[in-house]
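Single-structure report; data block below.
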Amino acid sequence: MSSISIIGSGKMGGAIAEVATRAGAHVQILKRSAGSMSAARPGFDCGVVGDELTGDLVVLAVPYSAYPGILEHYRDRLADKVIIDISNPIDFSTYDALTSPADSSTAAELATLLPEGTAVVKAFNVNLGDTLVSGTNGIAATTVLYAGDYADAKVRVAALIEAAGMRAVDVGPLTRARELEAMGFLQIIMAALGKTRYESGFALLP
């Protein structure tokens, strides 16, 4: 099983660390600063941004606005890794719009900032953290939708998801990340308004 470095120690970073642990992967969590709070349970290999990345898979579990600062440290060291973008670029001042370009996505924008040929996979953004930790969305195994342009990278992400006991569904090339971000936006808004529970989520039934 792959090793995984998670940049960001908030709720989603902690949830994905739990997923990776169930899958049998070695987990490294990097906080943005030594004083950052962590939602992850004790016992993971922890450090701060700037430390060497030990994972073959690298999850960016920080807001998209933090990406430039992360890339200052790691851009040239990411070329041979699989980068997983989980961000949902919501305008949290209004909860009424996505902030990514109308014809693009954070994943597509990230790919343009990385060395040419770096594999970016959009995944986990349609999942609330509670459904990743439990592995269910209340009625069935949690479904993780993912998109990307590199088949080998997608196979590795799917293997991580499935080894953690969840369902992995390939929705197509990285251009589909725009639709995934719209789905993530809708799910977060519905939960924030009390229309759904944070322990539930969208499901694809067999």
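The values are calculated or read from the model by the stated rules, or taken from the named source; none is laboratory data. In this text the structure is predicted, and so the values were computed from the model without any measurement. Don't worry about glycine lacking a Cβ; one is built from the backbone with ideal geometry, like all the others, and counts go over all protein chains shown.
Which one of these is at negative phi, assigned to a helix (DSSP H, G or I) and under 16 Å from the mean Cα position of the chain (by Cα): Ser87, Ser65?
Exactly one of Ser87, Ser65 is at negative phi, assigned to a helix (DSSP H, G or I) and under 16 Å from the mean Cα position of the chain (by Cα), namely Ser65.
May I ask you to list the residues in region 148-160 that are more than 18 Å from Gly24 (Cα to Cα) and surrounded by 24 or more Cβ atoms within 10 Å (Cβ to Cβ)?
Selection gives Gly148 alone.
Looking at Leu128, Leu114, Leu145, Leu132 in this structure, which one is surrounded by 14 or more Cβ atoms within 10 Å (Cβ to Cβ), over 16 Å from the mean Cα position of the chain (by Cα) and either at pLDDT 95 or above or on the phi < 0 side of the Ramachandran plot (or both)?
Criteria check complete, one pass: Leu114.
Counting only residues that are surrounded by 14 or more Cβ atoms within 10 Å (Cβ to Cβ) and not hydroxyl-bearing (Ser, Thr, Tyr), which one in region 187-200 is nearest to Gly135 (Cα to Cα)?
Across region 187-200, the extreme among qualifying residues is Glu199.
Residues of region 16-58 being within 14 Å of the chain's Cα centre (by Cα) and touching a residue at least 60 places away in the same chain (Cβ under 8 Å), which ones?
Ile16, Glu18, Val19, Ala20, Leu57
For region 96-206, list the strands (runs of 3 or more DSSP E) that sit wholly inside it and hold at least 1 residues that are over 23 Å from Ala79 (Cα atoms) and touching a Ser or Thr at 6+ places or on another chain (Cβ under 6 Å); which are they?
Because the criterion is at least 1 residues that are over 23 Å from Ala79 (Cα atoms) and touching a Ser or Thr at 6+ places or on another chain (Cβ under 6 Å), the strands (runs of 3 or more DSSP E) in region 96-206 that meet it are 167-172.
Return the only residue of Gly69, Gly35, Gly43, Gly50 being surrounded by fewer than 16 Cβ atoms within 10 Å (Cβ to Cβ), touching a helix residue (DSSP H, G or I) at 6+ places or on another chain (Cβ under 6 Å), modelled with pLDDT under 95 and of a type outside the set (Phe, Trp, Tyr).
The unique qualifying residue is Gly50.
Find the residue count for region 179-197, including only residues that are free of Cβ contacts under 8 Å to residues at least 12 places away in the same chain and small (Gly, Ala, Ser).
Here the count works out to 1.
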